[in-house]
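Everything on this sheet refers to the single structure shown next.
The values are calculated or read from the model by the stated rules, or taken from the named source; none is laboratory data. What you see is a predicted model, and the numbers here were worked out from it, not measured in a lab. No Cβ is skipped: glycine too gets one built from the backbone with ideal geometry, and neighbour counts run over all protein chains shown.
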Amino acid sequence: MNPFAIGNRLFGLKKGSPQPPCLRGSAAIIPATRFSWHVGLSKQLLPIRRRPAIRWVVKAALDAGVERVVVVLGHRGREMKKALSGMPVLFAESREKNPNMAGFIRDGLYKVPPSVRGVFVLPCVQPLVQPGTFRRLWEVFERDPDVIAVPVHQGSRRHPALFSMRLAQKVFLGKNMGEVMREHSGRILQVPVANEGAALNMDAPPDYGEVRNAAETPSPKFPEQPAERL
């Protein structure tokens, strides 16, 4: 089965459709800000199988059963909201004059209730990330809920990363995500994932063509392996 052949159904939750398994105590923060190759072009609005790229990212999180999905808006926020029309997400506005990724995560965390135990952080330009990747990370997290679980595909770290709430909140101390990961490197778990959706992104214009092709092409599979602590 083609892991990217998600079908032609609408991306919102449809009445009468089966509900995804719930990852209780989970949230996802997806910054949808300042991602462009040149003026006037937002990567997250580019079409993948006739839908905006960001819609696929959000859909993967919802299909995985993430309880609360927060999209952080900045530039072209109105268009982002339109692209996600009908999807059960929360929106957070960027509060900082010169925001960076840590700032976007802080903005998103303001929308996350204290009951949340784990927070997925992922870019909005990775439209082929699969629900199974979220669930695989959550399985590891449930066994050790004070970790940073990171998917690994073909030996390289990918997205999304799953932070315990305690570690995610370090950004409120002025730290960026890289600093949090370096300071808590002993809490990082590398989690091998089989599909390449965790690896493909749209960081550069040629990547967009690769992602579009992959959305219509079967992906090679690799056996799952036990999570590996660094």
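If the condition is being out of contact with any Pro (no Cβ under 7 Å at 6 or more places or on another chain) and either among the small types (Gly, Ala, Ser) or surrounded by fewer than 20 Cβ atoms within 10 Å (Cβ to Cβ) (or both), then the stretch 142-152 contributes Glu142, Arg143, Asp144, Pro145, Asp146, Ala149. May I ask you to verify whether Val129 is in a loop (DSSP other than H, G, I, E, B) and either buried (at least 21 other Cβ atoms within 10 Å of the Cβ) or small (Gly, Ala, Ser) (or both)? Criteria met by Val129. Is the stretch 55-63 home to any residue that is modelled with pLDDT of 60 or more and either at positive phi or in contact with an Asp or Glu (Cβ under 7 Å, 6 or more places away or on another chain) (or both)? No, because not a single residue in the stretch 55-63 is modelled with pLDDT of 60 or more and either at positive phi or in contact with an Asp or Glu (Cβ under 7 Å, 6 or more places away or on another chain) (or both).
Return the residues of the stretch 105-125 that are within 30 Å of Ala204 (Cβ to Cβ) and either among the hydroxyl-bearing types (Ser, Thr, Tyr) or at pLDDT 90 or above (or both); say none if nothing qualifies. Listed by number, the residues that qualify are Ile105, Arg106, Asp107, Gly108, Leu109, Val119, Phe120, Val121, Leu122.
Can you confirm whether Val112 is in a loop (DSSP other than H, G, I, E, B), of a type outside the set (S, T, N, Q), crowded, with 18+ Cβ neighbours inside 10 Å and in contact with a Lys or Arg (Cβ under 7 Å, 6 or more places away or on another chain)? So Val112 passes the test. Restricting the search to helices (runs of 4 or more DSSP H) fully inside the stretch 141-230 and requiring at least 3 residues that are over 21 Å from Pro52 (Cβ atoms) and either in contact with a Ser or Thr (Cβ under 8 Å, 6 or more places away or on another chain) or at pLDDT 90 or above (or both) gives 165-168, 177-183.
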